[in-house]
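The values are calculated or read from the model by the stated rules, or taken from the named source; none is laboratory data. Owing to the predicted nature of the structure, the values given are computational and were not obtained by experimental measurement. Every residue, glycine as well, gets a Cβ built from its backbone with ideal geometry; the counts of neighbours run over all protein chains shown.
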Amino acid sequence: MFIRSLCTRALAPALAGVFLLAACSDPVEVKTGTKTPAATAATAAATANANKNLVSAVTTGKPGAPIAMKFELLRRPKVGEPLEVAVEVTPEAAGITALQVVFQGGDGLQLRSGSEFSATTTTSMPAGIPIQHTVVLTPVREGIFYLSAVAVAEGAGSQARTFAIPVVVGDAAVLESRKAALPPPATSGERVTSLPAAESRSKP
């Protein structure tokens, strides 16, 4: 695993399940993390239709590896309930022979399964052919959170690209209004609290 030195904390303890994706004349072997019982029955049907409603993940940092990522939340996020996220990772240039993606839940999101997957081929992955994957996570509280992903492509060299998938738990308008109502932070890093004005009187 060529990304383990970069994202050791994000790696799952083990990988299970191997399947082959037939693409052009060169098969791509994909290894993915073990799924929980919540991710079995609905995943097969959802993955088949995932590409109909996928939207692009946000690229963070500088552009890197020629990789595109799209996603779809397969249900409305709710606190304490498992949420499946259908993901498509697409090589956008020829010459990629190995690909690995590691997902991190961060604050507010607990990863249950699918924290990483890898794909390898003996020659070169066909550009424009997506690889499907499913991440299962559980929101632990309301808020606006991001599922981050680091994708590393190997070929003539090694290149990485980072993505962010927004997950809104609760009413987005209410969450934004709460955020806007907070006073701006002080220059020292502490938050300023406004106090009611009081009239001062000088003693005679």
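Within the range 147-174, being at pLDDT 70 or above and either more than 30 Å from Ala94 (Cα to Cα) or polar (S, T, N, Q) (or both) holds for Ser148, Ser158, Gln159, Thr162, Val167, Val168, Val169, Gly170, Asp171, Ala172, Val174. For the range 96-114, the count of residues that are of a type in the set (Gly, Ala, Ser) and without any contact (Cβ under 8 Å) to a residue 40 or more places away in the chain is zero.
Here Ser56 passes the criteria (1) of a type in the set (Ser, Thr, Tyr); (2) touching a strand residue (DSSP E or B) at 6+ places or on another chain (Cβ under 9 Å); (3) in contact (Cβ under 8 Å) with a residue 40 or more places away in the chain except the one numbered (3).
Condition (residue is over 13 Å from the mean Cα position of the chain (by Cα), farther than 17 Å from Leu54 by Cβ and β-branched (Val, Ile, Thr)) applied to the range 74-92: is it met by at least one residue? Yes, the range 74-92 contains a residue that is over 13 Å from the mean Cα position of the chain (by Cα), farther than 17 Å from Leu54 by Cβ and β-branched (Val, Ile, Thr).
Selection of strands (runs of 3 or more DSSP E) fully inside the range 41-116 by the criterion of at least 2 residues being at pLDDT 95 or above returns 67-73, 83-91, 98-104, 109-113.
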